[in-house]
Amino acid sequence: MAGSEQAGRRRPDLPSYRLSDIREHRTADTGVWVTFGEGIYDITDFMVGHPGGDRISLAVGGSLEPFWDLYAIHRTEHVYAVLETLRIGNVHPDDVAEVAPSPGDDPYSHEPQRHPALRVRASKPFNAETPVQLIVDQYVTPNDLFYVRNHLPVPQCAVAKTRDKAASEVEVTGVGLPHPVSLSVADLRRRFAAHTVTTTVSCAGNRRSDMKADDGRAVRGLPWGMGAVGTARWTGTLLRDVLEWAGAREEQVQHVLFQGRDTDHEGQPYETSIPAATAFDPRRDVLLAYEMNGRELPIDHGYPLRVIVPGTVGARQVKWLRRIVLSHDESQSFWQQKDYKTVNPSTSWETADLSQASISLLSRLQRCSF
């Protein structure tokens, strides 16, 4: 099976095609072709079960690389090997320069510095865990050693710590509200009582590297060890207080959606949701947090505002919070519908119907979380 050193390299045993030919293959009738490096791949059949849903269609007739630069989790030996099984040809030598990625197009070029002790599991997007021996040093994990789980590039406004109003406000909108409202972190501090909650946040994939499928294959996803978990003192405003102040009533809402400022190549934000019963429950202490361990939120942990949902998997605790949406339906985002799902152990990735799978809310090991 081909690894990263072979993927996309010219193969003399295969024919070459011009870009004009590649661009004509964009439908099931003509065959769907994409390029990677100097390779050409027919993904017509593979698109049907693509783990990322129909997002792969954005690359048809062109290069995968701009999308893989954003979703760099694809850059693994397993994915390269699968890609090469779809290989049908080479990009014509005269067109290679046109499909090569521009060195100035890296969406991760502005990311913040991280502590060198963190154990990196993926660099783009950045994902790293706390060394186990440092987790047990203290009950509360220091900010710079707290594990980092990013799904997309860190928002540039967060890295720059932009203080303008638009970059620090969260909008509350949706069903049952008289009108949308916007609040800055300064507004939250001034209008609402501050609450501090000490809680542990865990990535759904914590200890995934210890899990094996029944046939011995590794479970799909980042190979997290035991360090994708941390405990911190989070300070902020109770979400319930903000929703009630805005005029929301629990009986009118079924789900509360959270959108971050981190976006993909189409400008679509990272988004997930929790049941309204959780958001309004006075025992759950759901926070709009602006401090972590007594200091303003670090960039990697959601500056200037994030959601903290104690007892809920980390993927629901959206960072760089931009919008809260009250809804009758749960989020329809990829991360809600195609990711972080729990399926029966007898079900494989190839046969799982994720639309019918249970949503992972509790912080526990996930068999089918990528």
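The values are calculated or read from the model by the stated rules, or taken from the named source; none is laboratory data. From a predicted model like this one, the values you see are computed outputs, not experimental measurements. Because the Cβ atoms are built from the backbone with ideal geometry, glycine has one as well, and the counts that use them run over all protein chains shown.
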Next on the checklist: over 28 Å from Ala248 (Cα atoms), without any contact (Cβ under 8 Å) to a residue 24 or more places away in the chain and within 18 Å of the chain's Cα centre (by Cα): which single residue out of Val159, Val120, Val148, Val154 fits that description?
Outcome noted: Val120
Item to check | Segments classed as strands (runs of 3 or more DSSP E), wholly inside region 1-117, with at least 2 members that are touching a helix residue (DSSP H, G or I) at 6+ places or on another chain (Cβ under 8 Å), at pLDDT 90 or above and more than 30 Å from Ala158 (Cα to Cα) | outcome: 31-36, 39-42
Item to check | Qualifying residue in region 218-227 (condition: modelled with pLDDT of 95 or more and crowded, with 22+ Cβ neighbours inside 10 Å) | outcome: yes
Checklist entry - Out of all the residues in region 166-190, which are within 24 Å of Pro107 (Cα to Cα) and of a type outside the set (A, V, I, L, M, F, W, C)? => result Ser168, Glu169
Next on the checklist: Please verify whether Gly174 is of a type in the set (Gly, Ala, Ser), more than 25 Å from Gly260 (Cβ to Cβ) and in contact with a Pro (Cβ under 9 Å, 6 or more places away or on another chain), treating the condition exactly as stated.
Outcome noted: no
Item to check | Residue match in region 187-201 (condition: at pLDDT 90 or above, surrounded by 14 or more Cβ atoms within 10 Å (Cβ to Cβ), in contact with a Pro (Cβ under 7 Å, 6 or more places away or on another chain) and among the hydrophobic types (A, V, I, L, M, F, W, C)) | outcome: yes
